[in-house]
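A short reminder: the numbers here are calculations on the coordinates, not readings from a lab. Computed from a predicted model, the values in this text were never measured in an experiment. FYI the Cβ positions are ideal-geometry reconstructions off the backbone, even for glycines, and counts take in every protein chain you see.
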Amino acid sequence: MTGNGWLQIALFFLVLLALTKPLGAYMAKVFAGERTWMRGLLRPLETGIYKVCGIDENGEQHWTRYAGGVLLISVVTLLFTYVLQRIQQWLPLNPQGLGNVGQHLAFNTAASFTTNTNWQSYTPETTMSYLTQMIGLATHNFWSAAVGISVAIAFVRGFARHSVKTLGSFWVDFTRATIYVLLPLSVVGALLLVSQGAIQNFDSYTKATTVEGAVQTIPQGPLASQEAIKMIGTNGGGFTNANSAHPYENPTPFSNFLQMIFIFIIPAGLTYTFGKMVKDTRQGWAIFAAMSVLFFAGVWVTYYFEQAGNPNLTKLGIASAATDTQSGGNMEGKEVRFGIANSALFTTVTTDASCGAVNNAHDSLTPLAGLVPLINIELGEVIFGGVGSGLYGVLMFAVLAVFIAGLMVGRTPEYLGKKIEQKEVKMMMLAVLVLAFTILGFAGAGANLGTVGNSLGNHGPHGFSEVLYAYTSATGNNGSAFGGINGNTPYLDTTLGLAMLSGRFLMLIPLLAAAGSLAQKKLVPVSAGTFPTHGPLFVALLVGVMVIVGALTFFPALSLGPIVEHFLMHAGRLWS
Amino acid sequence: MKQLIIAIRVTLAFTLLTGVLYPLLVTGLAKAVFPHQANGSLIQTNGKTTGSELIGQRFTRPEYFHGRPSAAGSDGYDGLASGGSNLGPTNKALVDRVQADLKKFRDENPTFTGPVPADLLTGSGSGLDPDISPASADAQVTRVAAARGMSPDALRQLVAAHTDGRQFGILGEPRVNVLGLNLALDQAAPFKK
Amino acid sequence: MATTMTPPTADPVTLMPKKGSRARPLFDQTIMKRALKDSFVKLNPRTMMKNPVMFVVEVGAAMTTILAARDIASGAGIAGFTFQITLWLWFTVLFANFAEAMAEGRGKAQADTLRKTKTETTARRLVNGNGKTETVAATELRSGDLVRVETGETIPGDGDVIEGIASVDESAITGESAPVIRESGGDRSAVTGGTKVLSDWIKVKITSNPGETFLDRMIALVEGAERQKTPNEIALNIVIAGLTLVFLLAVVTLHPFAIFSVNASGSGTAPSVTVLISLLVCLIPTTIGGLLSAIGIAGMDRVMQHNVLAMSGKAVEAAGDVNTLLLDKTGTITLGNRQAVEFIPLGSVTEAELADAAQLSSLADETPEGRSIVVLAKQKYNIRGREVAAHEAHFIPFTAQTRMSGVDIDARRIRKGATDSVIEFVHEHGGTAPTELMDVTERISRSGGTPLVVADRERALGVIHLKDVVKGGMRERFQQLRAMGIRTVMITGDNPLTAAAIAAEAGTDDFLAQATPKDKMDLIKKEQAGGRLVAMTGDGTNDAPALAQADVGLAMNTGTMAAKEAGNMVDLDSNPTKLIEVVAIGKQLLMTRGALFTFSIANDIAKYFAILPAMFMTMYPVMGKLNIMGLHSPQSAVLAAVIFNALIIIVLIPLALRGVKYKPMSAAALLRRNLLVYGVGGVIAPFPGIWLIDRLLGLLHLA
């Protein structure tokens, strides 16, 4: 690990910290329907949409109706994208003349983009037409993100409101999230990326004659516009197969820096929005702090083990220590312009959040560095997390932490003035169970199937890690992969698609139910007997609860994957 | 039912907004402000496209600096098959490949001793990495200079001129764009192909 | 509020009172014997099913029993191991049952004692008011019957004294041997079935039907027959059950994962079912699962040991959550008897003249205040109580409406009482109150005293200064309560100035002056509307609505039946400050659950390090690197973890029954301490524990 590497990591964090409050405060205003500086420009668009779609701007919804809205928009858009893929051959904006997408893959992809997973079982350059990319996939980047933000806002309203039955209007939240938050950020983000070299055109692919005389086909397309929202909406579905490792998606170290900021900016901002909404910004910062602790822990482990490199290569005479003129470490699967530090940081960021974009090949990570993304996702992507889903996920853990803390201080647990009782606890445990059951259940069912075994790109414990990573990523709606696995088989396409739907909707509904129950409760005033949820002690407890719940659930599985592989790698054992 | 109608309308309205208007707006702005980048940072030589500044190419001749091993396509650097090798650290294929490349490298660059820079023998995540580290360029200087019949020192100067430091002095890693360097090399010391 | 008993002193540091006469040793011989037997009875799967965690263990134990039988029959080398695991799994279940039985046993023992007092009692029922009585069995008495109870007889049922006065031995109920006075009228009229009249006789109107008497309810309560799970207990149960499911899944899926690994490594075998069951039992929160109901029962028992009868566990739990404590001033905060300390004459009246009038008016006043006036007059001016029979003396008793008392003697009309009432009296007789009167009364009030104005017809004679005496140690207790986040409100009938001064002296956070029962009710409702939980004590019939409204209503045993029925707890010692102890017990109850839960889960980390390497070493020998405890063989590692898991239940039984130590401090400080002890401690403790058991197993050649 180098000084410069840590300097870049520190710079990243400081910029994130600086952006959290302004964006968070802005979002708090947007979702309260208050005046912001963007309003003059965008308000006509907002009211226009309400009119066209028949949305009542003041139509407050009970949690069941709110959840109904979430499910309906998801089903409708899922079908839309599925159908679009199945008929793209006959539609315009397909200069390469790409064929229709098969049914398993089309289901997997539709589920993937609807659930904000953006797992890609296909090679985009040779599978998806420009039209499909634009209106079938890029659109979901906005929608799934807007759904996530809306649910998070509704969940926070459960705490912020009291003695009411409603959580706000899903359609209004959805519209505002898209118009006031995602679109403006994306336009600015896309242009910044273009300035660094990201492409944005509707040209057909370029045929270049290389210096040595070969023909190289260079893909083109409306990439930057999709790239920006892919990051800002923590979607992660690349325009190209190599995703953010591709020089057109992520041309320079600065574009890389921007992309990582884009991933974290809304989740970080939402912690402040949360604090604003519950009228105690310290609560938001406490959540931010707990996330930061786990973030740095993840970065440290990934960076440390990636820089340490692969002893089996070092043995051959490959430089593993960093010098001023080369980065050393485990460079397999990494770009020179990013080196070890930025790759390790990106890997941590993209799996802390439910983004899943990658700027290096996760499958080629050293075992314990590869353990970090697995754990990050298995914790429920609550380290900043997905847009919205990170906040409601971490609040779920906060409720559990408060429950334990409440018992330990001899009081019925309360969080933000709301008593945590049977119903909330039940819903929280349900969410924890869904995560564990989907990941372990599917991985357990598939681990020894021939069809899965044939899809593996690596063998031994690393092969097991590939299976585990696939279901972890799908359930966590992350979308990154140990890319050696070929996910495009009927079995994997289908089961991974189901895992994504389960990980998204079976988590989201209990959480909305809990929010509905919380909103109806009376507010309990704070006293010295109330355990304060904004101090370092709570931060430590929250981190402890997240790590222990996650670790206890997944440690046995992880020990048969990355952990044992680490020992075996050092023992020099290889698999062919 | 009322919600379903809203859902369908919202889908259509937002498809138009985020799927059509948004990319068109970005394309318009991008082409106006950054036309070169928006169109792929393509390099034209004598009216022909030789590639993109950002996309690596395959170099095998001793007169050229070589890029990194590429897993994109069967020959590497296939623009339609971006991606890494996805070989795990305990995969024998990885160790075998590095071992073979190492032998090839040692054969091609007999004067170079010591540990080989990691990036030169490992594949990138995109398979299209346009860059190598300055150390990797330096490791090839003797061979290229000999092949082109130019002095290693002059070549080192050229390499240095084509070495990008960290962006803004802090971001990323120092690197050498292989295509850019090789094109400059062809201009500075042309050789007969 | 009148209380006749001196409150037991409390340990000022811990807030926990010294235990009353009901305390029995933690491991009482007879209770233990019965508990041992019950632990086996409770193995019935239908009983076990109520506790999901221990039921999983039982199912696991049953499965390994079959496996052990198979191994032994086939003479497999593994038989010894399987047999030992089976044995310890059954022990795990039995230990948990034992803990529960121990907790129940204490209640049952108590109930047995109570039942002895419920032996056949006969009653002398009055027949149709003609003075005649008939002898009937106590169990035949119905609500509304009238009975006569004489010296040496047992009162046959709950009721109110409607005639007579008697000293009653209530030790059967309260455990307190000093007799109490029960008389008709007022707030000391309630008698309880099973208590004994020591002298005199009383006529009692029975207020309860057979099977519904206080004694019946008490027996049911201490026996735990009516025990329902409390809200927090249910919530915790959900978490525990959820975690059990998670671990079940983690262990079940470990099987295919292990098969994959065996194929990948080309060596070793997948872990046996016995080992998987062992892992599962070690991971699921058996410590808290096994002790949870024992903690709840023991908590109720602890309340009982403090001579408080809680009608439900929910009430005890609610006590731990209380935000606002309403305390009656008299008897709770102050000693209850205000004393006259000064006579302040007005105008031309001499002090002696005032003292004389004051004494006269108080001769028939049996209240402590009245007596203290007589005594002060005697001490200061040597005025003796005199024979008033010679005069035409007519004593006017104090009523809540007139708020005055006094005497009409000859032509004199002497009154003493509340300032405004007496001034009105003076006005009625054509007089005016001197201006300095208000100055004097206000000065007294501000100092926390009570001014008692004395007047004779139109003349205002002066003011008696009554002073309240605040009990020792109250200020410190309120400070502790404040640290716990509990606000204390003093309720008093005094005027605001007096109330403020006493509240300041005693250190309560707030006060409610000139409180009527309605004011009290309003205050409770207001607090509850703000989301606060309110606790209060009361004994009078007019307290009943407020007692019912409050989240925790502690009724005094000396109080009326109405009060006792309205509240959700009855203090048999009739000591209002007991409320503070009940709060502490409520908190302790939750804390014990929280602490053991955290400890239970924290233990899992060490168990992973014991069992996982043992499981995986056959396929991947490098997994031995995770064997950081250096356990000597895979079998002994698994066995050691299972044994530790079983023994820890036994080790923690005393903690579960006694409750974790509670010191009043802020929630943050409390959490820090408990997290350190039970969280961090829970992570560390099993490492040496398992290591030690592993060594012993090695020494004994058991594995």
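Take every pair of alpha-carbon atoms less than 8 Å apart whose residues are at least six positions apart; their mean separation over the length of chain B yields a relative contact order of 20 percent. The mean number of Cβ atoms from other chains found within 10 Å of a Cβ in peptide C:606-616 is 2, as a whole number. Which entries in A:Lys207/B:Lys104; A:Lys426/A:Lys521; A:Lys276/A:Lys418; C:Lys108/C:Lys587; C:Lys314/C:Lys526 show an alpha-carbon gap greater than 28 Å? Table pairs above 28 Å Cα-Cα are A:Lys207/B:Lys104.
Please rank C:Arg415, C:Arg459, fewest neighbouring Cβ atoms within 10 Å first, as an exposure proxy. Can you show the working numbers first?
Values: C:Arg415 25, C:Arg459 20.
Exposure proxy ranking, most exposed first: C:Arg459, C:Arg415.
Net charge in the neighbourhood of C:Asn209 (other residues with Cβ under 13 Å of its Cβ; Lys, Arg +1, Asp, Glu -1) is -3.
Which of rounded, prolate or oblate describes the stretch C:630-686 when judged by the alpha-carbon gyration tensor and an a/c cut-off of 1.5?
Details: a/c = 6.00, a/b = 2.07, b/c = 2.90.
Cα axes put the stretch C:630-686 in the oblate bin.
Against the main long axis of the alpha-carbon atoms of chain B, helix B:2-14 sits at an angle near 40°. Centre-to-centre, using Cα atoms only, the stretch C:640-674 and the stretch A:555-576 are separated by 38 Å.
Charge dipole (Cα centre; +1 on Lys/Arg Cβ, -1 on Asp/Glu Cβ; no other charges) of the protein assembly as shown amounts to roughly 1240 debye. Rg over Rh for the stretch A:389-570 works out to 1.07, both radii taken from alpha-carbon positions and Rh defined as the Kirkwood radius. Lys and Arg at +1, Asp and Glu at -1: add these up for the other residues within a Cβ distance under 14 Å of A:Ile263 and post the number. Cβ neighbours under 14 Å give a net charge of -3. Mean residue ellipticity at 222 nm, helices only, chain C: -16500 deg cm²/dmol; runs of at least 4 DSSP H residues each add -39,500 (n - 2.57), and the sum is divided by the number of residues.
For the stretch C:520-674, the Kirkwood hydrodynamic radius from C-alpha pairs, put into Stokes-Einstein at 25 °C and a viscosity of 0.890 mPa s, yields a diffusion coefficient of 125 µm² per second.
Relative to the longest principal axis of the Cα atoms of chain B, the long axis of helix B:152-161 makes an angle of roughly 20 degrees. Calculated [222 nm] ellipticity per residue, helices only, for chain B: -13500 deg cm²/dmol; basis is -39500 (n - 2.57) per DSSP H run with n ≥ 4, divided by all residues, nearest 500. The residues packed around A:Thr351, meaning those with a beta-carbon under 12 Å from its beta-carbon, carry a net charge of -3 if Lys and Arg are +1 and Asp and Glu are -1.
What FRET efficiency, computed as 1/(1 + (r/R0)^6) with R0 = 45 Å and r the Cβ-Cβ distance, is obtained for A:Ala10 and C:Leu335, rounded to the nearest 0.05? Don't jump to the answer; show the numbers that get you there.
Working: r = 66 Å, r/R0 = 1.46.
Calculated transfer efficiency: 0.10.
Do any GluC sites (Glu not before Pro) in the stretch C:392-454 lie in a loop, going by DSSP, with at most 13 other beta-carbon atoms within 10 Å of their beta carbon, and if so which?
Answer by residue number: C:Glu392.
Taking amide H as placed 1.01 Å from N in the peptide plane, the amide H of C:Met404 sits under 5 Å from that of C:Thr399, each at least 5 places away or on another chain.
Over the stretch A:526-576, what per residue volume does the convex hull of the Cα atoms give, in whole Å³? Could you put the intermediate results ahead of the total?
On the way: hull volume 5.2 nm³, N = 51.
For the stretch A:526-576, the hull spanned by Cα atoms encloses 101 Å³ per residue.
Kirkwood analysis of the Cα pair distances in the protein assembly as shown returns a hydrodynamic radius of 36.9 Å.
Working from Cα pairs under 8 Å separated by at least six residues, relative contact order for the stretch C:445-505 is 43 percent. Among the trypsin sites (Lys or Arg not before Pro) in the stretch C:619-679, those placed in a DSSP loop whose Cβ has at most 16 other Cβ atoms within 10 Å are C:Lys661.
Amide H to amide H distances under 5 Å link B:Gly40 with A:Gln200, where only residues 5 or more positions off or on other chains count and H is placed in the peptide plane.
Can you tell me, using C-alpha contacts under 8 Å and at least 6 residues apart, the relative contact order of chain C as a whole percent? Please report the intermediate quantities before stating the final value.
Working: 1369 pairs, mean separation 110.2, N = 703.
Across chain C, relative contact order equals 16 percent.
In a simple Cβ point-charge model (Lys, Arg +1; Asp, Glu -1; nothing else charged), the stretch C:544-703 has a dipole of about 420 debye relative to its Cα centre. In terms of its alpha-carbon gyration tensor, the stretch C:31-78 comes out oblate; a/c meets the 1.5 threshold, while b/c is at least as large as a/b.
Charges were assigned to the Cβ only: +1 to each Lys and Arg, -1 to each Asp and Glu. The resulting dipole of the stretch B:1-106 about its Cα centre is roughly 140 debye. Would you mind classifying the stretch B:19-102 by shape? Square roots of the alpha carbon gyration tensor eigenvalues, ordered a ≥ b ≥ c; an a/c under 1.5 is rounded, otherwise it is prolate if a/b is larger than b/c and oblate if not. It is oblate, given that a/c is not under 1.5 and a/b is not larger than b/c. Give the aspartates and glutamates reachable from A:Lys29 as a straight Cα distance under 13 Å; neighbours fewer than 8 places away on the same chain don't count. Within the straight-line limit of under 13 Å, A:Lys29 reaches these aspartates and glutamates: A:Asp173.
When each full DSSP H helix of chain C is screened for a Cα extent of at least 20 Å along its own axis and an average Kyte-Doolittle hydropathy of at least -1.0, the helices passing are C:52-74, C:79-117, C:231-265, C:286-305, C:578-616, C:634-658. Treating cross-link reach as a plain straight distance, find the aspartates and glutamates whose alpha-carbon is under 18 Å from the alpha-carbon of B:Lys48, omitting any fewer than eight places away in the same chain. B:Lys48 reaches A:Asp203, A:Glu212, B:Asp186. Listed by chain and number, the lysines placed with their C-alpha closer than 19 angstrom to that of C:Lys625 are C:Lys607; residues fewer than eight positions away on the same chain are left out. Take the Cα radius of gyration of the stretch B:42-188 and divide it by 2.2 N^0.38 Å, N being the number of residues; the result is 1.04.
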